[in-house]
Amino acid sequence: MWPFGKSRNSSARPDNETVESPHSGAVADATPETGAPAADAGAQGRAQNAAQGTASSSYDPVNGSFGPFDGDSVNYRDFDFSDFAKGGLDLGSMLIPVPHKGEVQVEMGKEGPRQIHILTPFGRITPAAFAAPRSGGQWASDIDGFAESMAGDGLEVTRRDNDWGVELVGTVGDGVVRVIGVDGPRWMLRMTLAGPATSAEELAELSYEVISRTFVNRGSEPAPAGRSLPVAIPQAMADELKRTLAQQQAQAQKAQKSAPAASPEATGDATRNAPVQPEQARRRTGGTASRQMGDSE
């Protein structure tokens, strides 16, 4: 399990919201040992940034007071995030805090897991990490393309400032999609938020807290800018997904065997007229699976 060791005053992002804490090779139970709440230090830092008007200029992924942190340079064990989340989700290239009221969802495709989501009472957070140039600026080079794509999908897109730079906010009907990009040393972290407009601001504030406690492990392997960093699902979660899929396949086979036989002609007509189904099936993993994720050390 990812331990909740000594706390460090630089452990949280600036924000005036009272939060909690995470991190574990999966999601470990939060058992803080000592020290001041991480969120308090973050709130003070953010307030200071606002007063000084520094915003993203104060963000430092190695020596700063809030993340996302560079996991290759900063030891996550130096932080205590147990005030914010129940544990941390270890995806190899990312260590992501899972809020106390959040759960992990794995989106499945034909070839296996496609995306990892964090479901919250306010909406969904989808993390992704990418290789980036040493000079940085990957998000700046991507943001226009994202804005155009969102507008092409019918969203009304605006740009807003945050503690890391600029984010995109797209609205359509009663829904809001927000894309937040953060540049680090040879990597870029991107969080995509989706939820109802009524809780869009709450989801944004919660996601800022998640981002500020996330670690990105770029590694030393060469990779072209913009390529996704590899994601590894913790073994306990992978095992649970296999069990769930096996059970569903068994139920489907049982239902198929018990269904009345249809004539070849009827079967052919039904096949031709059947609606096209999405090439994905979403599997939710609750708190138990998350807490059972093992420590890789």
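No lab work stands behind these numbers, since they all come straight from the coordinates. Just so it is clear, the structure is predicted and the values come from calculations on it, not from any experiment. Quick reminder, even Gly has a Cβ in these numbers, built from the backbone with ideal geometry, and neighbours come from all protein chains shown.
Taking other C-beta atoms within 10 angstrom as a stand-in for reagent exposure, PHE84, PHE130 fall in the order PHE130, PHE84, fewest first.
Here the stretch 153-172 is scanned for amide nitrogen atoms under 14 Å from the site 7 Å beyond the Cα of ALA197 along Cα-to-Cβ, giving 155-158, 170-172.
Each of VAL179, PRO230, VAL210 was placed along the dipole of the stretch 69-242 (beta-carbon charges, centred on the mean Cα), and the one lying farthest toward the positive end is PRO230.
The packing ranking of peptides 183-195, 216-228, highest mean first, is 183-195, 216-228, where packing means the average number of other beta carbon atoms within 10 angstrom of each residue. In this structure, the amide hydrogen of GLY165, modeled 1.01 Å from its nitrogen in the peptide plane, lies closer than 5 angstrom to those of SER56, counting only residues at least 5 positions away or on a different chain. Spin-label model, GLU148 to ASP78: label points 7 Å out along the Cα-to-beta-carbon direction sit 4.1 nm apart. Site pair VAL231 and GLN115 shows an inter-label distance of 0.8 nm when each label is modelled 7 Å from Cα along Cα→Cβ.
Derived from the Cα gyration tensor, the three semi-axes of the equivalent ellipsoid of the stretch 148-215 are 21, 15, 9 Å, largest first.
Could you work out how much longer the chain between GLN251 and ARG134 gets when fully extended? Use 0.36 nm per residue separation minus the Cα distance between them, nm to one decimal.
Numbers: separation 117, 0.36 × 117 = 42.12 nm, distance 5.07 nm.
Contour length minus Cα-Cα distance gives 37.1 nm.
Restricting to Cα pairs below 8 Å that are 6+ residues apart, what does the relative contact order work out to for the stretch 69-242? Please round to a whole percent. Computed value for the stretch 69-242: 30 percent relative contact order. Rounded, prolate or oblate: pick one for the stretch 77-232, where a ≥ b ≥ c are the square roots of the eigenvalues of its C-alpha gyration tensor, a/c under 1.5 means rounded, and failing that, prolate if a/b is larger than b/c, else oblate. Since a/c stays below 1.5, the shape of the stretch 77-232 is classed as rounded. Rounded to the nearest 0.05, the FRET efficiency derived from the C-beta distance between GLU205 and SER258 at R0 = 45 Å is 0.35.
Computed about the Cα centre, the dipole magnitude for the stretch 69-242 is approximately 420 debye when only Lys and Arg (+1) and Asp and Glu (-1) carry charge, each at its Cβ.
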